[in-house]
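Quick notes on the structure that follows.
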Amino acid sequence: MTQELDLLLRLIRQFEGCRLLPYYCPAGVLTCGWGATGAGVYPGQRWTQQQADKRLESDALDFLRRAQSLCPDLTGPRIAAIADFAYNLGLGSLRSSTLRKRLNSGDFASALIELRRWNRAGGRILPGLIRRREAEALLFCA
């Protein structure tokens, strides 16, 4: 799982960037560090770089494991790409998606079409999400 985690961390760092003060992402979710949300993210609470890096490593491993449980036949770069999707959009989005159904049925061509459809935040198509989905698709196909 080390290779998968390294690939996932690379994608997250590339697309999330690191901000040590909480901010609202385009979807309106309070975020801090390398795209962390939820527990420990409060308005006005400054993080250190060490906190952000530690949270990233913990969250990335958690998302990798949970994505693997939702898509048990995926390994290597494929699971890293799908774990990045889940990190960006949430495990609930992956769990209920047609993308997951296509992945679990082995229909990877259709899954890549589904993956690229997830390019909106706050109801708007965002160029950054288009780039991120394309990077995930490229990694998936590696």
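All of the numbers you see were taken from the coordinates with simple rules; none came from a lab. Bear in mind the structure is a predicted one, so any value in this text is a computation, not a measurement. Heads up, the Cβs are rebuilt from the backbone with ideal geometry, glycines too, and the neighbour counts pull from every protein chain shown.
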Point to revise | For the chain, calculated [θ]222 nm from helices alone, where every DSSP H run of n ≥ 4 adds -39500 (n - 2.57) | key: -19500 deg cm²/dmol
Exercise for review: Calculate how steeply helix 108-117 sits against the longest principal axis of the alpha-carbon atoms of the chain, using the helix alpha-carbon long axis, and give the answer as 0 to 90 degrees to the nearest 10.
Suggested key: 40
Review point. Given charges of +1 on the Cβ of Lys and Arg and -1 on the Cβ of Asp and Glu, with all other atoms neutral, how large is the dipole of the chain about its Cα centre, in debye to the nearest 20?
Key: 420
Review point. Roughly what angle does helix 127-140 make with the longest principal axis of the chain, taking Cα atoms, 0 to 90 degrees, to the nearest 10?
Key: 50
Review point. What are the semi-axes of the equivalent ellipsoid of the chain, taken as the square roots of 5 times the eigenvalues of the Cα gyration tensor, listed largest first and rounded to whole Å?
Key: 25, 17, 13
Review point. What is the packing order of peptides 46-56, 95-105, taking the mean over residues of other C-beta atoms within 10 Å and listing the highest first?
Key: 95-105, 46-56
Check your understanding: For residue 4, what charge total do you get from the other residues with a beta carbon under 12 Å from its beta carbon, if Lys and Arg give +1 and Asp and Glu give -1?
Key -> +1
Check your understanding: Of the listed peptides 25-32, 63-70, what is their order by residue-averaged count of other C-beta atoms within 10 Å, with the highest listed first?
Key -> 63-70, 25-32
